[in-house]
Amino acid sequence: MKKYILIRMYFSVCCGRTSTAYIERKQAVMKQLSDKDFTKSHALLRESNRCMVGGVSSPVRAFNSVGGRPFLAESGKGSRLRDVDGNEYIDYVLSWGPLAMGHAYPAVVEAVQKAMESGSSFGVTNESEIRLAERIAAQFKSIDLVRFVNSGTEAVMSAVRLARAFVGCDYVVKVEGGYHGHSDSMLVKAGSGLAARGIPNSPGVPNDTTKTTIVIPYNDLNAAKEVFDECGDDIACLIIEPLPGNMGLVLPDSGYLEGLRQLTKWSGSLLIFDEVMSGFRAHIPGAQQRYKVKPDITILGKVIGGGLPVGAYGGPAEIMAMMAPEGPVYQAGTLSGNPLAMAAGIATLDALLQEGVFASMESRMLDLCKGIKDAAKETGVPVYQTRVGSMGCTFFNESGVGNYSDAASSNTETYAKFFWGMLRRGVYLPPSQFETYFMSAAHTDADIDKTLQAACDTLKDL
Ligand code: HOZ
């Protein structure tokens, strides 16, 4: 109980909820939004707070890091998201990435409806699993065999277990600000919601679990070398988002990923690429293709589920054969390979892989990012803009951002003002500086023009 009270105190200090700055920020936000009606959202939020922890099913949705209260979603179509008060936004969050074809893409809707009519879950293998696995293996040179699960968290947890069993030791190396879902061993100096709240580790994770997790800064090959020199024999795997998207979007320095590939090879450890975010977004099929580095195990999620809950991990047959029922490493799931999710994933990939689709998303993201950078320059607001494929991020930072400590030095107050200014003008960006925004195939040139106009006006107001 005592520990619980201390943790509560720790959280209120971390989040600064009672500070004058927090109250002032909230008041400023409310003033900025006075011309938008959120009556129904706020009424539902009061209800959700009575029956759901923090009123949400996932922390960043509470908008804590930008202050103010979140809206509640009613529906989405194409590039647009509509809230329960009838406000419409050009959506660059896209359910945090999965909706590569946009909201309610007709082929996805039709595929899911059709699958539903044949039954929603069987608990035995269904042909749709084979078809999605085939598509993934055909795209990724590093993957022979796939195992489907229901989320990226599950895929990471299982892949780390697989790596430990395959290599025969326990240590796992991860990157500061890298986010790999919320399994215990990965909640050490993680990005996303933890970065937004400035929490290094989560209470409730036993010290013994994280003792075997070694954290290195991103883009620092010397730091990685030191760790591998010192304890390379005990390292089962190095897990990394090759293109980190959970500390904002940070790009790998030239040679960094190749260097990690060499280190892991020399020490006999596995290299795991977490491409939950970058898969089918950094490139087709992912960051490993863009940067020409082949991992041992790949983690996927988001786009391969087309908006339904899917995670997957895959690799060469030699490694994957360690998994039950072929091998001794156990992992199972009642809804794994669920036919509705498989159908959504297949329809999404089939549409996205059509000639020119990804290229046009990429070129729109390029226009958007270039436009924001130009507007910031014109208005004298210092930003550091990153973009790869259909992913982008605007850091309010005078210097470059190459790792987590750079990202953490960004001006989050200014990001919060930018977020609300854009929302007021009908553009929904991630409600945290430490996330990535996404383009869909449904976004049009007119959407980009409207977004850039909103960005110019908002930046002028900052
Ligand atoms: N992990 C997601 C952001 N990178 C957040 C998911 C959510 O809150 O929906």
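The values are calculated or read from the model by the stated rules, or taken from the named source; none is laboratory data. From a predicted model like this one, the values you see are computed outputs, not experimental measurements. No Cβ is skipped: glycine too gets one built from the backbone with ideal geometry, and neighbour counts run over all protein chains shown.
The condition (being surrounded by fewer than 23 Cβ atoms within 10 Å (Cβ to Cβ) and within 15 Å of the ligand (Cβ to nearest atom)) is satisfied by just one residue among Leu263, Leu249, Leu308, Leu243: Leu308. What are the residues in the range 185-237 that are at pLDDT below 85, touching a Cys at 6+ places or on another chain (Cβ under 7 Å) and either surrounded by 17 or more Cβ atoms within 10 Å (Cβ to Cβ) or among the basic types (Lys, Arg) (or both), if any? Across the range 185-237, the qualifying residues are Arg197, Ile199. As a summary of the residue check, Glu47 satisfies the conditions (1) part of a helix (DSSP H, G or I); (2) over 23 Å from Gly389 (Cβ atoms); (3) assigned by TED's automatic domain parsing to the domain that holds Gln289 except for the one numbered (3).
Within the range 325-382, the set of residues being out of contact with any Ser or Thr (no Cβ under 9 Å at 6 or more places or on another chain) and among the basic types (Lys, Arg) comprises Lys370, Lys377. Filtering Ser75, Ser79, Ser65 for residues that are more than 16 Å from the ligand (Cβ to nearest atom), within 23 Å of the chain's Cα centre (by Cα) and in contact (Cβ under 8 Å) with a residue 40 or more places away in the chain leaves a single hit, Ser79. Considering Ala324, Ala312, Ala317, the condition of being modelled with pLDDT of 95 or more and out of contact with any strand residue (DSSP E or B) (no Cβ under 9 Å at 6 or more places or on another chain) is satisfied by Ala324 alone.
This table checks each residue for (1) assigned to a helix (DSSP H, G or I); (2) within 16 Å of the ligand (Cβ to nearest atom).
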residue	(1), (2)
Ala100	no, yes
Ser121	no, no
Arg164	yes, no
Tyr179	no, yes
Ala190	no, yes
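Of all the numbered requirements in (1) surrounded by fewer than 20 Cβ atoms within 10 Å (Cβ to Cβ); (2) in contact (Cβ under 8 Å) with a residue 60 or more places away in the chain, Arg425 misses one, and that requirement is (2).
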